[in-house]
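Report on one structure; see the data block that follows.
The values are calculated or read from the model by the stated rules, or taken from the named source; none is laboratory data. Nothing here was measured: the structure is a model prediction, and the numbers come from that model. Please note: Cβ atoms are built from the backbone with ideal geometry, for glycine as well, and neighbour counts cover all protein chains shown.
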Amino acid sequence: MKKYRKVFIFILIIAVGLFLNRELQWSSYLKDSNNLKTIISFVHDNYILAMFLYLVFTIIGSSILALPGVTFAVVASGLFGPWIGSFLCLIGATIGAVLSFVLSRYLLKDSIEELVKKNKRLYSIIFQVDSEKEMLILMITRILPIFPFNLQNFAYGITNISIVKYTIGTFLFMIPGIILFSIGTEGIINRGDRANMLFIAVLIVVLMVIIGVHLYKKYKMLTKKEHNER
């Protein structure tokens, strides 16, 4: 009974979000390309308020609505530029990730575990009893793009990692990916600086892949060593 009550609370939160979306027509407004100029003008005239609204959008979108992580970096870069946009996206995405973590740990633990089991790659690496490898695993899953961002956020809530360690690690290890998408967006939008921005984006991708693969190999070596010692 307790399990179903938690699921009901979560569904209620989603229902409220969908109801507000229907009543306020957020989706239809954003789909209309003619409104982009209005949005940009609003950002210029109400910069601080626009920042706040973007953070709310990112927090809700990355936790309750489970929108793709790249969405928030692209929107932030388009509205605030690559650097301020990256900072805002990092703050909003971190808060959203922590909110997902809390919802999973205290409301949806049983349901999330069944969902994570379907992603064998993530399930095999994320559930570790050795606390010494927690930050290494968190770094790998945040840097390598092969692990779904939203599913990670909920999955870590049912592991033994502390919320403090999870928050700090998430904040730090999301920086490369957020900067990558922000700069890439700027390169597409800004023709004058396109070559430089896209070059930096490609460079970041290469570095992320090299570092991610190196970390994953290190994780496999440590796991193999522990297995042999047993």
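Tabulated data
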quantity	calculated
Pair list, Cβ under 9 Å, 6 or more apart: region 206-230 residue on the phi > 0 side of the Ramachandran plot and surrounded by 11 or more Cβ atoms within 10 Å (Cβ to Cβ), other residue at pLDDT 80 or above and not charged (D, E, K, R)	none
Set Gly184, Gly192: member being touching a residue at least 12 places away in the same chain (Cβ under 8 Å) and either touching a helix residue (DSSP H, G or I) at 6+ places or on another chain (Cβ under 9 Å) or loosely packed, with under 12 Cβ neighbours inside 10 Å (or both)	Gly184
Qualifying residues in region 49-74 (those that are under 20 Å from Ile200 (Cβ atoms) and aliphatic (A, V, I, L, M)) - the one surrounded by the most Cβ atoms within 10 Å (Cβ to Cβ)	Ala73
All positions within region 153-173 that are polar (S, T, N, Q) and in contact (Cβ under 8 Å) with a residue 40 or more places away in the chain	Asn153, Thr167, Thr170
Qualifying position, being among the acidic types (Asp, Glu) and under 21 Å from Ile210 (Cα atoms), among Glu134, Glu113	Glu134
Subset tally (residues that are among the small types (Gly, Ala, Ser) and over 25 Å from Leu108 (Cα atoms)) for region 48-72	1
Residue ID - surrounded by the most Cβ atoms within 10 Å (Cβ to Cβ), chosen from residues in region 142-158 that are modelled with pLDDT of 85 or more and not aliphatic (A, V, I, L, M)	Tyr156
